[in-house]
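First up is the structure itself, then whatever we jot down about it.
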Ligand SMILES: C[S@@+](CC[C@H](N)C(=O)[O-])C[C@H]1O[C@@H](n2cnc3c(N)ncnc32)[C@H](O)[C@@H]1O
C-alpha cells in the first residue's frame, strides 16, 4: 500500500529495492507476487525519508498524512459528549467519540493510495453511531474526491449478540448530520438510513473502499451480501472488531464471533479468494479480496507504524 508515484520513483531510483517488493508481472495496488520482507525491515520507509525533501511525491504523501492526523485529532477532541441513549452492557456507547485520531490513519493512507491508482467509486461506511469516523473520513474523502456514503439504521443495533444489545450505539440521523456539519465536510457525505438487509438491497454503485463497523456477525453478512459485488476489483475492505492473535490465522480470518465470523462465513461459503491482516490500529483488519494464496498483501502494520512514528503522528 504505497502511493503510485512513490512506487514509480522507487522503481526508477532504487531498482533492487523495488524488485524486492514488487513483481512487475503480478503486483497490483495491494498485493505482490513477492514475499514482502519481514516486519522490522523498513528499507522502503527509510528510502522515503531520505527522499522527502527532493521528491514531490513523498512530500505530498507525508503532508497529507500529517494534515489527516491533525484533522482527525480535532474531530476526536471536539465531538466528545455523553450519550443520553447509552445502553451497551459494558458501557461502550456512553461516550460519543468512536474512530478518529491516529486509529483511522491507515484508512486515510489507503484512500490516498487508491486515488493515486485511479480507483473510482464511493467510500461506503457501514456503522455510523454519532458520526465520529464519518466526520473524519468526510474530510479526506472531500480532499481526494471520493463521495462518502454513511449507512446506518440511525436507531442503533438491530439485535443482541454477545455483549451487544438491541438499540446499542444509537445516533439519530439529525444528531449525526449536526456533528458532520460542525466537524466534517457535509457536502462529501450522503446518508442511507435503514436496516442493511433492506437499505442496501439492490446496491449497484461502484465502491472503492468499504468500511465496516457494525459489531454483529449478522450485520456484517447483511452488508457483504448486498454490496460486495460492487467493490472495485482493486478495492479494499476495512473492518472493526478484529483482535490480533485471536481473529487471524496467518492471513486468513478465523471463525470466532462478531464481524470476523461474518467475514469468515461470507468468503468461506462462496469459496472466494482473499487475505486479511491487522489493519494498522487496534481492532482494525484490512481485507483484500481476490488476493491469491501465492500473493502477499503489501501493507504491513509495523512498517506503517514506523512511518507514522517517524512523522511524529
Ligand atoms: C460501533 S457503532 C459505529 C461506530 C462509528 N464507526 C464511530 O466511529 O463512532 C455500530 C453502528 O452499526 C449500526 N448497525 C449495526 N448493524 C446494523 C444493521 N443491520 N443495519 C443498520 N445499522 C446497523 C448501529 O446502528 C451503529 O450505529
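Fewest neighbouring Cβ atoms within 10 Å first, the residues 163, 51 line up as 163, 51. Against the chain, whose longest principal axis comes from its Cα atoms, helix 56-79 is set at around 20 degrees. Extension gain, residue 178 to residue 12, is 55.0 nm, computed as 0.36 nm per intervening residue step minus the present C-alpha separation. Building the convex hull from the alpha-carbon atoms of region 108-241 and averaging its projection over directions returns 7.3 nm². Binning the C-alpha pair distances of region 4-310 at 10 Å intervals from 0 yields a P(r) profile of 6, 28, 36, 22, 7, 1 %, listed from the shortest bin outward. Restricting attention to region 4-310, close to 40% of DSSP beta bridges with both partner residues there are antiparallel. Legend: calculated FRET efficiency, residue 4 to residue 244, from the Cβ-Cβ distance at R0 = 25 Å, rounded to 0.05, equals 0.30. Computed from label points 7 Å out along Cα-Cβ, the spacing between residue 66 and residue 201 is 5.0 nm. Principal-axis analysis of the Cα atoms of the chain puts helix 258-270 at an angle of about 70° to the longest axis.
Label sites at residue 73 and residue 43, each approximated as a point 7 angstrom past Cα along Cα to Cβ, lie 3.3 nm apart.
If one puts a single equal scatterer on every Cα of region 198-260 and applies the Debye formula without solvent, what log₁₀ I(q)/I(0) results at q = 0.19, 0.27 Å⁻¹? Rounded to two decimals, the profile gives -0.76, -1.20.
Can you compute the helix-only [θ] at 222 nm over the chain? Use -39500 (n - 2.57) per DSSP H run of at least 4 residues, normalise by all residues, nearest 500 deg cm²/dmol. Please list the in-between numbers first.
On the way: 11 runs with 124 residues, N = 313.
That comes out to -12000 deg cm²/dmol.
All Cα-Cα distances of region 1-40, cut into 10 Å bins from zero to the largest, leave 29, 64, 7 percent in each bin in turn.
What's the ranking of 107-113, 178-184, 244-250 by average number of surrounding C-beta atoms within 10 Å, highest first? Please list the in-between numbers first.
Numbers: 107-113: 23.4, 178-184: 20.7, 244-250: 13.3.
So the order, starting with the most tightly packed, is 107-113, 178-184, 244-250.
For the chain, the longest principal axis of the Cα atoms and the long axis of helix 301-310 meet at an angle of about 80 degrees.
Note the full-extension length gain between residue 54 and residue 310 as 0.36 nm times their separation in residues minus their Cα-Cα distance, in nm to one decimal. Please list the in-between numbers first.
Numbers: separation 256, 0.36 × 256 = 92.16 nm, distance 1.76 nm.
Contour length minus the Cα-Cα distance gives 90.4 nm.
FYI, it's all coordinate maths here, none of it is from the lab. As the structure is a prediction and not an experimental result, all values here were calculated from the model. So basically every Cβ, Gly included, is an ideal-geometry build from the backbone, and we count neighbours across all protein chains shown.
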